[in-house]
Each structure stands twice: as C-alpha cells, then as structure tokens.
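S.K.: Quick one: the structure is below, and I'll ask about it shortly.
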Amino acid sequence: MLKQALPQRAWTAIAIVAVIALALVPLLPGAVDSYAFSFLFFVFLYAIMAQGWNLVAGFGGQISLGNHAFFGLGAYTTAILWTGNYLWGSLYDSHPDIYYFDPVTMTLGGLVAAVAAIIIGLPLLSKLRGDYFALGTLGFGEIVKVMFINGGDFTGGAFGVVAPAGTFDTLLPHYLVGLGLMAGVGVAIRLLMRSRYGLALIAVRDDEMAASANGIDVLKVKVSAFAGSAFIAGVAGSLYTYYIFHVGPDSVFDLDWMLLPLMMTVVGGTGTLLGPILGALVMYAVFDLAKIVVPDYHPVISGLTIILAMLFLPKGLMRSFAGRARAA
Amino acid sequence: MQPDDTLLHLEAVQKRFGGLVVLNNIDIAIGANELIGLIGPNGAGKSTLFNVITALYTPTQGRIRFRGRDITGTAPHRICRLGIARTFQLVRTFLTMTAFENIMVGAVYGSGGRVRHATSAAQDALELVGLSAKRDIRTAHMTLSDRRLLEIARAVASSPALLLLDEPMAGLNPTEIQRMVDVIRRVRAEKGVSILWVEHKVDAIMKVCSRVIVLDHGEKIADGTPREIVANRKVIEAYLGEPAA
C-alpha cells in the first residue's frame, strides 16, 4: 500500500499496455466477428466478477458465496427497467435504443445489488463470522432466486424477462464496455486499497479484534466492502443482459456466476490486484478449451486444473510470478 | 486525588459469565499520568477487567466513566477514539502489513481527530519504541519482542490519555524486558499518558510503578504503593496461600 517495489511498477506498465492493446483489437480486420472476440468479452465479464469477489473476500477476508445473487439482481434490474420502460418514458419511443448500454440503467443494476447487500449484510456481518457468513450468503442467493421465480408478472416467473433483442447489432459495444469496466474496476480498487479505507479493510482481514481496538468500525468496513462487491457484480449482470437478452432465474442466478469467479481469483491470487484478471483469462481459457476438445469431460479437466493450481501455486499466479507476496 | 483529575472511574463493576463471577464490585479510579501495576494470580480477572474497560465485554453491573462521561456499553472502536488504547496478552498485529502501516491504523482511525498529521504521528511512535529501522518490514517477519513494541507504538499513535498494557513482557528474555521497561517509562514521560499495566513479573511492577492494584478471585484486595502492597497480608495470602493454623 504505502511502499512500492519495482516489480509492481512493472506490473502496472504491463496492465496499461495490455488494456491499450486490447482496445485496439477491434481495428483488426475480421476481429469483431471472430470467436476470439466473444471469448475475450467473456474473459472481461468474468474478470469483473472476480474483481468484485476479490474485494470482499480477498482484501476484506469475508468469504461471500452470494455474488451470483448480486449478478442476477443487476441483470434483472436492467431487463425489468428496459421492458417496463420505467426510466425514460416517452424518450423511449423516439430513441428505441435508449436502454441499450445506458449508463443510468447499468448503474441502477449495480445500486440495486449494493442496497440488497447492505440489507442482508448488516444482520449477517454483525452476527456471523467466517464460514457461517459464507453459508449465510449462500442461503441468501437461494432465497433471491426463489423470490424471482415467484415474482409473478413483474419478474416473469420461472421463465424470466426477455429484453428487446432486436437492438443487438455487433459484439463491439459489449467488448469495449467490458474492457472499460474491467480496467475501471481495477483502477478503482487500486485507488481504494491505497486509501485509508484500504488500510482499514486489510486491518479487519488480518485481525478484527485489533482493528476494533484501534478505532476501526469493523461492521461498517465489512458491510461497505460487501456492498462494493455487490455493486461490481450487479453492473456485470447488467452487461450480461445486453448480451443474453433473456434473463431467467436459472441462467442469471446460476451458482457458476459465483463459483467460477471464485476459482479464477484463487488461481490468479486472492488479495492481489491483477490476480483476478489473470485468473479469469487462464481459467476461462481452460474451461472453454475443455468444452471444445473434450465436451463430455470438461468439468473434469477444469476441476483438475484447479487442483493442480492449488497444489503447485497455492498463493496464486500473481504471487508466484511477482515473487513478493504483497497485497495491492 | 481530586475528582476532576480522574481519567477513568470504575464504579462497582461486576462481570459474570453464567454463574461464574469473574469480577465483583470493582472500584478503581485512575488519575492523569499515573503508572499503575495490576497484578494478581492466574484467573484473578485481570484480562477480563481490560476487556470490560475496552468494551469487548459489557459489565453485568456497575458503571465505567471516562473523563466524567459514562462509557458503559460504548462500542470498542469508540472507546479507542475517546482516548483509551490497549495491547493484547496474545500479541495482535496486522500480519500482512508493514510495521509502519500497523501504526498508521492507530494514527488514522484510533485518534478520533486528535492526530492531525497521521504520518508524522506514526513516525514519532515508531521512534519512541525504537523500531524506526524496521519501518517497512512486514509484521509476520518480526520477533515477538518487536511485535509487542509495535503494538505499543500503534496504541501510542492514537494519542490516548489512558494506555492499557496486557502483559507486555510475556515471553520476552531479560534484555528484551529491560528494553520494554525503558519504553514504558518513556511513553509515560514523553506522551503524558496514564498507564494501567497488567504483568505477571511482579518484581518489574514493584520497581517501576508508583501504585499497584491487586486482584484475586475477581475482587480488588489491595491498592497502594509497592511498599504497602508487599506488606499487605491479603496479598501475601493470595500469592503464597493462607498460613497453616
């Protein structure tokens, strides 16, 4: 946080160059329609989710197993606002694309998730610690899913909500917004971890009792990290709505939206800034390759990769390569 | 002691865990810039008393006043911001942080606005305990002795009026103990804080403190100068057992 070693500066440079290079990819002829383009979009999406999980679990030490619920809340918020035209009124008639990648709609997707996290986080985090908090968030995810299945016309029940898919033209906006969000979330978390808040978050992770004895409002720090994590997941869910259009309980509340980012973060390096991104890239490549090459056995290959990573790189890729185990 | 000079006032404090009374009817008044030793056999309630003062436990009965204000039931982080800092018997530092970052936590969050320039306050505290050379070393790589000093520095950085030390000498060798005694004296002299110091090493307490409080089975059995304490019949009985017949 306060002391900067040279390798970290090198990593920052690599990250900036990588983002610029990725932003230039669409200019290559045929790139936008290639398989690699949609592959990269999903890497960005999972990297954003992994960053969100890493904020509360990696830096904050609070293992949330409910981030798929926040992803789903963001996705549903976007789809419901759009199909019900709750936001833009008559402007929607003159501008039929107004909800498509609308920053206000996407922000609201994140905010709804963050508010849900505060409502559920206050009782959970003031009473439950460690594994019990993790199980509480898992239960929360299931409750939210059931509520949306039984939400009647408002949530579309078990079928869900279908947004106007006619707005889809190319994957270019998905790619650019995904890349921008991934980079933006990375910069935001870096600034956050170098601020006073980052100091408190690490203190709470390292020793709650010492943190509170030294003036840190532990509950406030934990709940805000949980809400921040949920906000990031909610915005990611919103982005996914613009890709999938059909938002149903089984697709956006799928446990994979929590489990895969969790695995990616752990493989990449929990509590590091670039670990979740690196983990998302490596693990999504493994998952995708396994699905194509050995479709019947792909969960086996994916699982095996995680076991091997844990055996030989228990601190994650980032810490193993960067050499110096240092948060942020 | 003048009443307006009183920093901390425990009034008939009792702490019960189920049927077990761990602290009973404790009255203690602590003035400004005192150095008070708190001794007693194992299980006398010394650590429980610290935990009650710093609000990790709520007393079952009684009141705690700090600068005249009732702080019974106030949250632990607010107690620290009001000006009561502490260390722990089983040393608790933030292991993934450097020494300096550890102290910054106290300066930034613990001071409740008393510290204007957190960085220089942290630097001062680091110098006060003699750890300046280890500023950027991660706590996980520090010795027990250094971690205990670091905990004191972190507490001092929050600019407290009262400092509670829970067995700062446990596990230290004679050289380290001497260093710790020097640090405690320096903290009191330079920072003008009051120190309540729990210690098993009674000889150190008797040499350094001007006032000693003795707990036994949750009761305060003595409160006076070291000279009075060593002559106190109840204290001798508590440590050596009752004389036969």
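The values are calculated or read from the model by the stated rules, or taken from the named source; none is laboratory data. Bear in mind that the values here come from a model prediction, so they are computed numbers and not experimental data. Methodologically, a virtual Cβ is constructed for each residue, glycine included, from the backbone with ideal geometry; neighbour enumeration extends over all protein chains shown.
S.K.: Only one of B:165, B:172 is touching a Ser or Thr at 6+ places or on another chain (Cβ under 6 Å) and farther than 22 Å from residue B:121 by Cα. Can you tell me which?
M.R.: That would be B:172, the only listed residue that is touching a Ser or Thr at 6+ places or on another chain (Cβ under 6 Å) and farther than 22 Å from residue B:121 by Cα.
S.K.: Of everything in region A:93-112 that's touching a residue at least 24 places away in the same chain (Cβ under 8 Å) and not in a loop (DSSP other than H, G, I, E, B), which residue is nearest to residue A:233 (Cα to Cα)?
M.R.: A:110
S.K.: Same structure again: Step by step: first the residues of region B:36-60, then only those that are more than 14 Å from chain A (Cβ to nearest Cβ) and farther than 19 Å from residue B:221 by Cα, then the one that is surrounded by the fewest Cβ atoms within 10 Å (Cβ to Cβ). Which residue is that?
M.R.: Step one: list which residues in region B:36-60 are more than 14 Å from chain A (Cβ to nearest Cβ), which gives B:36-46, B:48-49, B:58-60.
Cutting the leftovers down to farther than 19 Å from residue B:221 by Cα gives us B:58-60.
On the way: B:58: 12, B:59: 23, B:60: 15.
Among residues in region B:36-60 that are more than 14 Å from chain A (Cβ to nearest Cβ) and farther than 19 Å from residue B:221 by Cα, the one surrounded by the fewest Cβ atoms within 10 Å (Cβ to Cβ) is B:58.
S.K.: Regarding residue A:234, is this residue without any contact (Cβ under 8 Å) to a residue 40 or more places away in the chain and either surrounded by fewer than 24 Cβ atoms within 10 Å (Cβ to Cβ) or not acidic (Asp, Glu) (or both)?
M.R.: no
S.K.: OK, next. Could you say which residue among B:13, B:21, B:91, B:52 is among the aliphatic types (A, V, I, L, M) and farther than 30 Å from residue A:203 by Cβ?
M.R.: Just a single option satisfies the conditions, and that option is B:21.
S.K.: Of all residues in region B:67-80, which are in contact with an Asp or Glu (Cβ under 8 Å, 6 or more places away or on another chain) and facing another protein chain (nearest Cβ under 7 Å)?
M.R.: Listed by number, the list holds a single entry, B:77.
A quick yes/no check of all residues on (1) outside any helix (DSSP H, G or I); (2) under 17 Å from residue A:74 (Cα atoms); (3) within 15 Å of the chain's Cα centre (by Cα):
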position	(1), (2), (3)
A:114	no, yes, yes
A:125	no, no, no
A:132	no, no, no
A:140	no, yes, no
A:177	no, yes, yes
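S.K.: (1) surrounded by fewer than 24 Cβ atoms within 10 Å (Cβ to Cβ); (2) more than 7 Å from chain A (Cβ to nearest Cβ); (3) at negative phi; (4) at pLDDT 95 or above: which one isn't true of residue B:83, the others all being true?
M.R.: (3)
S.K.: What about residue B:75, is it free of Cβ contacts under 8 Å to residues at least 40 places away in the same chain and in contact with a His (Cβ under 6 Å, 6 or more places away or on another chain)?
M.R.: no
S.K.: I would also like to ask the following. When the residues of region B:99-123 are narrowed to those that are of a type in the set (Val, Ile, Thr) and within 8 Å of another protein chain (Cβ to nearest Cβ), which ends up farthest from residue B:142 (Cα to Cα)?
M.R.: B:108
S.K.: Follow-up question, since we're still on this one. What's the number of the only condition in (1) more than 10 Å from chain A (Cβ to nearest Cβ); (2) without any contact (Cβ under 8 Å) to a residue 24 or more places away in the chain; (3) buried (at least 18 other Cβ atoms within 10 Å of the Cβ) that residue B:64 fails to meet?
M.R.: (2)
S.K.: Residue by residue through region A:124-175, note down the ones that are acidic (Asp, Glu) and over 20 Å from residue A:204 (Cβ atoms). Spell out the reasoning first.
M.R.: Step one: filter region A:124-175 for residues acidic (Asp, Glu), giving A:131, A:142, A:153, A:169.
Matches in region A:124-175: A:142, A:153, A:169.
S.K.: Examine region B:167-189 for a residue that is over 18 Å from residue B:80 (Cα atoms), in contact (Cβ under 8 Å) with a residue 40 or more places away in the chain, touching a Pro at 6+ places or on another chain (Cβ under 8 Å) and in a helix (DSSP H, G or I), and state whether such a residue exists.
M.R.: Checking region B:167-189: at least one residue is over 18 Å from residue B:80 (Cα atoms), in contact (Cβ under 8 Å) with a residue 40 or more places away in the chain, touching a Pro at 6+ places or on another chain (Cβ under 8 Å) and in a helix (DSSP H, G or I).
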